[in-house]
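K.L.:
Got a structure for you, questions after.
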Amino acid sequence: MILDIYSFSTLTGAIDKGLNSAMAPWLATLLEFVIVGVVFLIFYALLGLFLVYLERKVCAVIQNRIGPNRVGKWGLLQTIADLIKLLMKELIPIKNADGFLFNLAPFIVIIASFMAIAALPFAKGLQAMDFNIGIFYVMAVSSLGVIGILLAGWSSNSKYSLIGAMRSGAQIISYELSVGLSLLSIVILSGSMQLSTIVQSQADGWWIFKGHILAFISFVIFLIASTAETNRGPFDLAEAESELTAGFHTEYSGIKFAFFFLAEYMNMFIVAAIGATLFLGGWMPLHIGHWQEFNNIMDYIPSVVWFFGKTFFVIYLIMWFKWTFPRLRIDQLLNLEWKYLLPLSLINTVLIAFIALMGWYF
Amino acid sequence: MNSVFKYFADIVSGVRSLCAGMRVTGKYFLSPGEIVTEQYPENRATLKMEDRFKGEVIMTHDENNQHNCNGCGICELNCPNGAIEIITKKEADETGKLVRSIDKHVYHLSMCTFCELCIKSCPSNALEWGQNFEHAVFDRSKLTKVLNQPGSTIKKKEAKS
Amino acid sequence: MSKDVIKNIIVKDDEDYIINMGPQHPSTHGVLRLEVCLNGEIVKYVIPHIGYIHRGIEKMCEADTYKQIIHLTDRMDYLSAHMNNEAVCLAVENALQVEVPERVQYIRAILDELNRLASHQLWWSAFGMDLGALTTFFYGLRDREKILAIFEESFGSRLLHSFNTPGGLMHDVHPNFQKHILEFVKYFRKKLPDYKNLLTDNVIFHNRTKGVGVMSPETAIAFGVTGPSGRGSGFACDVRKVAPYGVYDQLDFKQVLYSEGDSFARYQVRMDEMEESLNLLEQLVAKMPSEGDFTAKMKPIIKLPEGEYYERVETARGELGVFIVSKGEKYPYRMRFRSPNFSNLFVLNTLSKGLKIADLVAISGSLDLVLPDIDR
Amino acid sequence: MENTELMELITKVIPYGTVSQGSQYPEVIVPAGKLHDAAEQLRNLEGQPFDYLINMTAADFTDKFTVYYHMESTQAHNLVVLKADIADRDNAVVETVSDIWVTAEFFEREVFDLFGIRFKNHPDLRRLFLEDDYGFPLRKDFKDEVNIIELPN
């Protein structure tokens, strides 16, 4: 049903075949790893810069401003200029800081977010690793980042940083539950933890439509909880600019600060991509029932466009939250999780399991 | 049961209030016509300050390079910050009498607080507000200005007794 | 008479976990240093340290004539610059018993209300930002810009317009003054629902401010907390009502009072005052005489008769007092400003005790402190 | 006249003070030693306690200091000025009123900072604005060649 002309499997297959015919299989596999790694590195850096630019533009328009518009056309090169500035800045050593952990922390944060990208299905046939426990892997890897944040706060030898890191720890441990439960509802519906299977299961309709109101509720819970997990406003207590100046990365400067900054935006991209994949059909085009003509037209849009369109829609939602709401207080943040989101998602999971059992979804 | 009802009512009212807030920001996001930013160096040609804008103190000169200042020093006296220094000289007029006249009207822009007392107190209305606001310089000494233009003379009072 | 004496209690301990908020900190709105003692996230006590921009205005006034003093008062509470000017002018005029033209009194009242509105708008913006809602800052400043444009048109400057002079005004206002004010009132009435939807009704905002930093009326009176902060606790301290000056006794407005005393009540007082100011502006523009002098006849050198004079006005933050000791010279012998923020600041310790750091930020935001006014 | 009634009332509770109508408000002048007692009497005045201390300050008259207390009753909205002269300029001490009005604690710190008047029994008498060795700038004999530039006028 879905057109194969946009499938990347022909391209990747051709590369694989070519490499295998030219050299030994182990060397070909190794080279493929290197190629994938380099491609992801470039993708990671460019996407991170673009997301920073996007956020600045979105918040500017929300706030009746123009936003960056001086460097390059529409200010597109602004973040690259910022990156160059950050690269040239001095890395200030902190007296009495735990040097090893202090330098390690940004790398842990950035590696955690980098690893999660591997499992994302970007388009038809474009996925680095198709684990059979894909969701589980992404959840596990993305929550590694909190270790980096805790280390950063602890090793900075600064009171502001420590408070920010502790807040972040409490926050991420709590919200992991809701994220997990809301993702579980889709796992129940699709019957698989493999991301490619989940995407395939949405060929005739996205889960957010097929799963009635319940899937919508778990999507909302997922959005809230994952915003909290990525330390973004209104849950940016770990940074809490007006209270803790910059929270856990108060003492970082130069490229080490840029790592935290980049990781924050990439984490946002990852949760948005997961949300898009699970709830909004991933790279699947929008299909409505038996409107055959409409469905055919939709099929002509490449799958990679669908994936990024949906992901950026979710990213926009997250940005919209951030630039609208005041920040929560730490006890209210935990209240929200334990008193509201967790019971609701538990009930939701039970109900979803029930409708999945009865086959009451479309 | 009441508390259960209140629990859900809280959620609904909370979500509704959040939606109201998001509607406001969403409305502005979708109406880029509301953008109020002025692009300053680009709009230099069209940017016009108000007539009364207090940019700096200037001394009005007419087309003959003549001004009204006779160097009486009242502005210097009235300035609360010592931003004005009057340097006078004695000059012979056409009858050969030595008359006090202004040599340099020194104005320290860096010390001026734009209180307008010099302009209001000037008995011969020699001073005025200038609308120039681009005062940024790299050297503080450049903010010390001489208000009377070089070669300027005092305007003659027309046929006054 | 038995009464509970309200005290400023600070119990220090060697083991205290102390963090310094300020002098450079995003939420202290200036160079205020708060010595905050924490127990985890809980605040044990707060000691404000001030003096970082003490300029000795009171000493400088002793060497300035009364006309020259005006421009110094702008620089105390720069957000209610006009009210500061007016306080000194009223003190001098009352001491000399000068009759100020009616038109001047109306213009001054209009400027008072405009300045109050501008100040409250900026406070709203900054308060939202303190709580993490960054967008409010730009909406507030966008609307404040309209008021500043009116100021710029008439006085030539936007913030520190030394427009008053003992006896009247420096100039007459711009011919478009009334028209632009009415336009602004119409514009701002349309924007107020946005303010309401963004913060006032927001559930997160309610959680952050309701029941936070509760100040009883007795505490407010004992600490001398005036202005909207005091009125949020039910302390009827509006000088415009208590001791009317200018034309305020001929106007129809009500003193906004809330009895809860928490941060949300202080917020509500200011939001209601904005609407009250809009009503007042309409009344004032309608009643203002279109013709008349802009200054009373004054001697070129003003000398106050020997004695002590005290004059109070209501600024956007509370009661400003001007105390002049004159010895009959053209300079005041001693000039003293009772600044509202000075008293409002020191209640911070009492209010934030036992609350969280985030609440400390919310409380100091709701008190609406302006540091140059505290240090003078 | 309301003020005369008030003045009579004050005269009754503060017999050692001179009560007069000043240029604007009733003034009560008491000896410096009796200041605390007078303040307490005014704070607990029957019918209209002066519970709101608006302003507290001092002035240097080269031969003496005068401390001023402007206070208002929040019920009757009357304003009264309490004054006391301190003759000993070199060792100026007066009793604190911060136990009566807590806001006086900070006003007194300011007065101590700028005039060097010390307040007995003050809970926390430190300088408020300036460094410890700065001198007392609002005294008329204060000289500071570095920071204060005298303008010729």
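K.L.:
Whole-Hz Karplus ³J(HN,Hα) for the range A:26-34, in order, using 6.51 cos²θ - 1.76 cosθ + 1.60 and θ = phi - 60°, x for Gly and Pro?
P.N.:
5, 5, 4, 4, 4, 5, 4, 4, 5
K.L.:
Report the equivalent ellipsoid semi-axes for the range A:107-246 in whole Å, largest first, defined as the square roots of five times the eigenvalues of the gyration tensor built from alpha carbon atoms.
P.N.:
32, 18, 11
K.L.:
I need the peptides A:305-312, A:269-276 ranked by packing, meaning the mean over residues of other C-beta atoms within 10 angstrom, with the highest value on top.
P.N.:
The peptides rank, most packed first, as A:269-276, A:305-312.
K.L.:
If you plug each phi of the range A:219-225 into the Karplus form 6.51 cos²θ - 1.76 cosθ + 1.60 with θ = phi - 60°, what whole-Hz ³J(HN,Hα) values come out, in order, with x for Gly and Pro?
P.N.:
5, 5, 4, 4, 4, 4, 5
K.L.:
Give me the one-decimal Kirkwood hydrodynamic radius in Å for the range C:102-223, with the sum taken over alpha-carbon pairs. Walk me through the numbers on the way to the answer.
P.N.:
Working: mean 1/r = 0.0605 Å⁻¹.
Evaluated on the range C:102-223, it is 16.5 Å.
K.L.:
Taking every residue in B:111-119, how many Cβ atoms of other protein chains lie within 10 Å of its Cβ, on average?
P.N.:
Taking the mean over all residues of the peptide, I get 5.
K.L.:
What nm distance separates the two modelled labels at C:Gln97 and A:Lys339, each placed 7 Å from Cα along Cα→Cβ?
P.N.:
Reported label-point gap for C:Gln97 and A:Lys339 is 6.5 nm.
K.L.:
So which of D:Lys64/D:Lys143; C:Lys330/D:Lys12; A:Lys89/C:Lys356; A:Lys95/C:Lys44; C:Lys303/D:Lys64 end up more than 30 Å apart by C-alpha?
P.N.:
From D:Lys64/D:Lys143; C:Lys330/D:Lys12; A:Lys89/C:Lys356; A:Lys95/C:Lys44; C:Lys303/D:Lys64, over 30 Å: C:Lys330/D:Lys12; A:Lys89/C:Lys356.
K.L.:
Average partner chain C-beta neighbours within 10 Å, per residue of C:356-363?
P.N.:
Other-chain Cβ atoms within 10 Å of each residue's Cβ, averaged: 5.
K.L.:
Further, regarding this structure: Rounded to two decimals, what is the ratio between the C-alpha radius of gyration of the protein assembly as shown and 2.2 N^0.38 Å?
P.N.:
That works out to 1.11 for the protein assembly as shown.
K.L.:
Now a separate question. Rounded to the nearest 0.05, what FRET efficiency do D:Ile148 and D:Thr62 have when you use their Cβ-Cβ distance and R0 = 22 Å?
P.N.:
0.80
K.L.:
Next question, about the same structure. Going out from 0 in 5 Å bins, what whole percent of all Cα-Cα distances in the range D:2-120 drops into each bin?
P.N.:
With a bin width of 5 Å, the distribution comes to 2, 12, 24, 26, 19, 12, 5, 1, 0.
K.L.:
On a 25 Å Cα-Cα criterion, which of the cross-link pairs C:Lys7/C:Lys254; C:Lys146/C:Lys190; C:Lys327/D:Lys120; A:Lys322/B:Lys27 come out too long?
P.N.:
Correct reply: C:Lys7/C:Lys254; C:Lys327/D:Lys120.
K.L.:
For C:Tyr45, what residues show an amide H to amide H distance below 5 Å, using hydrogens built from the backbone and excluding near sequence neighbours?
P.N.:
Long-range HN contacts for C:Tyr45: C:Cys37.
K.L.:
For peptide D:120-127, how many partner chain Cβ atoms fall within 10 Å of a residue's Cβ, on average? Can you show the working numbers first?
P.N.:
Details: counts 0, 0, 0, 4, 3, 0, 1, 1.
Shielding by partners across D:120-127 averages 1.
K.L.:
Given contacts defined as C-alpha pairs under 8 Å and at least six residues apart, what's the relative contact order of the range C:112-190, whole-number percent?
P.N.:
21
K.L.:
Might you list the cysteines of the protein assembly as shown that have no disulfide-compatible partner by the rule of another cysteine's Cβ under 4.7 Å?
P.N.:
So, A:Cys59, B:Cys19, B:Cys69, B:Cys72, B:Cys79, B:Cys112, B:Cys115, B:Cys122, C:Cys37, C:Cys61, C:Cys89, C:Cys237.
K.L.:
For a protection proxy built on the mean count of beta-carbon atoms within 10 angstrom, sort B:144-154, C:100-110 highest first, please.
P.N.:
Averaged packing, sorted descending, gives the order C:100-110, B:144-154.
K.L.:
In Å and whole numbers, how far do the C-alpha atoms of the range B:23-146 stretch along each principal axis, longest first?
P.N.:
79, 31, 29
K.L.:
D:Glu8 versus A:Ala24, label points 7 Å from Cα toward the beta carbon: distance in nm?
P.N.:
Going by the 7 Å Cα→Cβ label model, 11.7 nm.
K.L.:
Which far-off residues, 5 or more places away or on another chain, put their amide H under 5 Å from the one on D:Tyr52, with H placed in the peptide plane?
P.N.:
Placed amide hydrogens put D:Glu72, D:Thr74 under 5 Å from D:Tyr52.
K.L.:
Right, here's the next one. One quarter of the convex hull surface, Cα atoms only: what value does that give for the range A:7-88 in nm²?
P.N.:
Numbers: hull surface 33.2 nm².
The directionally averaged projection comes out at 8.3 nm².
K.L.:
Would you mind putting C:214-222, C:168-176 in packing order, based on average other-beta-carbon counts within 10 Å, highest first?
P.N.:
Those peptides, ordered most packed to least, come out C:214-222, C:168-176.
K.L.:
At 0.36 nm per residue, minus the direct Cα-Cα distance, what do B:Asn132 and B:Thr153 gain on full extension? Give it in nm, one decimal, please.
P.N.:
Details: separation 21, 0.36 × 21 = 7.56 nm, distance 2.40 nm.
Between B:Asn132 and B:Thr153, full extension yields 5.2 nm more.
K.L.:
For the pair A:Phe354 and C:Phe294, what calculated FRET efficiency results from E = 1/(1 + (r/R0)^6), where r is the Cβ-Cβ distance and R0 = 60 Å, to the nearest 0.05?
P.N.:
Working from the Cβ atoms, E equals 0.15.
K.L.:
Go through the range A:13-18 residue by residue and turn each phi into a ³J(HN,Hα) via Karplus (6.51, -1.76, 1.60, θ = phi - 60°); whole Hz please, and just put x for glycine and proline.
P.N.:
Result, ordered by residue: x, 5, 4, 4, 4, x Hz.
K.L.:
Suppose we look only past 35 Å in the calculated P(r) of chain A. What percent of the Cα-Cα pairs does that tail hold?
P.N.:
Distances greater than 35 Å cover 28 percent of the Cα pairs.
K.L.:
What is the spread of the Cα atoms of chain C along each of their three principal axes, largest first, in whole Å?
P.N.:
Its Cα atoms span 64, 49, 44 Å along the three principal axes.
K.L.:
What residues qualify as long-range amide H neighbours of C:Ala133, i.e. H under 5 Å apart, gap of 5 or more or another chain, H built at 1.01 Å from N?
P.N.:
A:Arg327
Each value in this text was obtained by applying a stated rule to the coordinates, not by laboratory testing. These numbers were taken from a predicted model, which means no experiment stands behind them. We place every Cβ from the backbone using ideal geometry, glycine too, and count neighbours over all the protein chains shown.
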